[in-house]
1. Restricting to the range 461-480, count the residues that are closer than 16 Å to Gly360 by Cβ and either more than 16 Å from the ligand (Cβ to nearest atom) or among the hydroxyl-bearing types (Ser, Thr, Tyr) (or both).
2. Looking only at residues that are surrounded by 24 or more Cβ atoms within 10 Å (Cβ to Cβ) and away from the ligand (no atom under 12 Å from the Cβ) in the range 161-190, which one is nearest to Leu252 (Cα to Cα)?
3. Do any strands (runs of 3 or more DSSP E) entirely within the range 287-383 hold 3 or more residues that are farther than 30 Å from Pro444 by Cα and outside the structural domain of Gly184 (by TED's automatic domain parsing), and if so, which?
4. Check every one of the helices (runs of 4 or more DSSP H) wholly within the range 412-496 and list those with 3 or more residues that are closer than 17 Å to Tyr356 by Cβ and either at pLDDT below 95 or not hydrophobic (A, V, I, L, M, F, W, C) (or both).
5. Output the residues belonging to the range 425-457 that are more than 21 Å from the chain's Cα centre (by Cα) and aliphatic (A, V, I, L, M).
6. Specify which of the listed residues (Thr258, Thr208) is among the polar types (S, T, N, Q) and within 25 Å of Ala89 (Cβ to Cβ).
7. Quick one: is Leu204 within 10 Å of the ligand (Cβ to nearest atom), closer than 26 Å to His488 by Cα, touching a strand residue (DSSP E or B) at 6+ places or on another chain (Cβ under 6 Å) and not assigned by TED's automatic domain parsing to the domain that holds Gly114?
8. For the condition out of contact with any helix residue (DSSP H, G or I) (no Cβ under 9 Å at 6 or more places or on another chain) and within 9 Å of the ligand (Cβ to nearest atom), what is the one hit in Gly114, Gly119?
Amino acid sequence: MKRRTFVTRGLAVLTAAALPGARLLAAGTAIDILGLDGRQLTLKPADLDDLRAGFKGELLTAGDGGYDGARRLWNAAFDRHPALIARCASAADVQHAVSFASAHALLTAVRGGGHSLSGQSGCDKGLVIDVSQMREVRIDKAARQAHVQAGSLLGAVDKAAQAAGMATVLGTVNDTGVAGLTLGGGQGRLSRKRGLTIDNLLALEVVTADGRALRASAADNPDLYWALRGGGGNFGVVTAFTYRLHPITPQLYGGTLTYAYQDAPTARGLLRGYAEIMGHAPDELGADVALAVDRETQQRIVEFDVCYCGPLADAERVVAPLRKLGKPLKDALGQAPYTKLQGSDDPPAPPGIAAYVKGGLVYGLTPALIDAAIDYIEAHPAHNFEIEFGANGGAVARVAPTATAYFGRGASHTMLAFAFWKVPGDGAEASTAWVRGAWKELEPHSRGNYVNLASADDRETRVHEAYGDNYARLASLKKRYDPANLFHLNANIKPA
Ligand SMILES: Cc1cc2nc3c(=O)[nH]c(=O)nc-3n(C[C@H](O)[C@H](O)[C@H](O)COP(=O)(O)OP(=O)(O)OC[C@H]3O[C@@H](n4cnc5c(N)ncnc54)[C@H](O)[C@@H]3O)c2cc1C
């Protein structure tokens, strides 16, 4: 999902965000809150004294300054009003909040960067455990590792790593949170060369439902390490990640290449050409394609988002076939630092944008799939939609589907259909209907899905489809680490 759509078109770097003076609930306060089973509970003042004791971050309820900002999610389609937000300042705060949530069996959401497309990092009338203020990023140049607190946004990690001449694999939009992105898998511009984010994830610090702070790595709790690499937010609240870094040249080659939708060879021909090119492309070439409408001209376009991370001397030759597909409307390909391609300096997305998304994995951009997408777009004119195919393959596909929880290794592309509208506004119904209609045509061409693109209204079987043969092992680990399903506001794996 690209920045273009949503934003107007040894070295140690510390970006810790200090909390603006801890705000704690006043003594004597009671709170009405929902339990895990949906029943209404009251947290008495004495209960809240326990939570307050030793909690260094902020505890926010409706009416507190800062509550409104803290409850808002990137996706304005979800206007959640939690009873209590625990904005943690440290791993100890997270432990405290999780233990409290478990002890009182509270409806609990977990928030990192707030980019959840399904709105599940917020909840109505429950507790939100929010790590978004824990944003320290520390680069260990000698060890080629990044130690990243779970509230960090990916642009900050990219910048810190690039300053040390390195990079790891993160997503494509700079204000996405590393936490949700990583735990679901993590697909980005370097994935074909370096794998998913989880393939570069060396260790995590996680607080499990019983309040224990555990390390998960190949050596420590390896089962948990396996489950956390793709299992989403099901297994606890992660407080920190350690990523492997790779050397990166100061300049890569990439940007966007835009074609008019109707011009010969038309969108259909462009997609067929792209499918052919990606079938033989080197791992160093990441190239996604989107069918969309240009916000300024209102013209339908076919846009390629390109990132070539191989030798610069080869770049023009490698991207030439994409350039020769037709006569581009706009060719913005060229040399650029990785952070520029990632938009690390772009402003955060403006508030008030709502989106409805459906996504799945495809194993080849077949002519039938291309026809399904184009026929739908042409039969249902709209100005606020996008159908996108993000390239996988390469290093992603060379990891066995059972090696990590993420199952869909062999997919050639991640496909998504989405539409967006402004809130307040009345675009929700038409936008949702457009995407649902598109998905009816597209889904039969997909197999499995990527949990980070889950929708709030997904049928439960979609989670089974996402995890395939890994589901049974995940369900038994869920039973071990979260038997009461405290962490269920996610693509939920049922304890079994
Ligand atoms: C504009 C946009 C662009 C995107 N681009 C990409 C992309 O390029 N590649 C890609 O792979 N995905 C992409 N995504 C999807 C993205 O990976 C997911 O939305 C992801 O969940 C966002 O993580 P977050 O921390 O910002 O989200 P949040 O909304 O904070 O959290 C989402 C979920 O993650 C879990 N979670 C969050 N923090 C923690 C934690 N500390 N411990 C345990 N669980 C936690 C919870 O289950 C929560 O419901 C994009 C999404 C958007 C909105």
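The values are calculated or read from the model by the stated rules, or taken from the named source; none is laboratory data. Since the structure is predicted, the reported quantities are computational estimates derived from the model, not experimental observations. All Cβ positions, even for glycine, are placed from backbone atoms using ideal geometry, and neighbour counts span all protein chains on display.
1. Going through the range 461-480 one residue at a time, the tally reaches 5.
2. Ala167
3. On the way: elements: 300-308, 334-336, 353-362.
By residue number, 334-336.
4. Working: elements: 428-442, 461-467, 471-481.
Hits in the range 412-496: 428-442.
5. Listed by number, the residues that qualify are Ala428, Ala430, Ala433, Ala438, Leu442.
6. On the way: Thr258 fails: within 25 Å of Ala89 (Cβ to Cβ).
Going through Thr258, Thr208 in turn, just one is among the polar types (S, T, N, Q) and within 25 Å of Ala89 (Cβ to Cβ): Thr208.
7. yes
8. The conditions single out Gly119.
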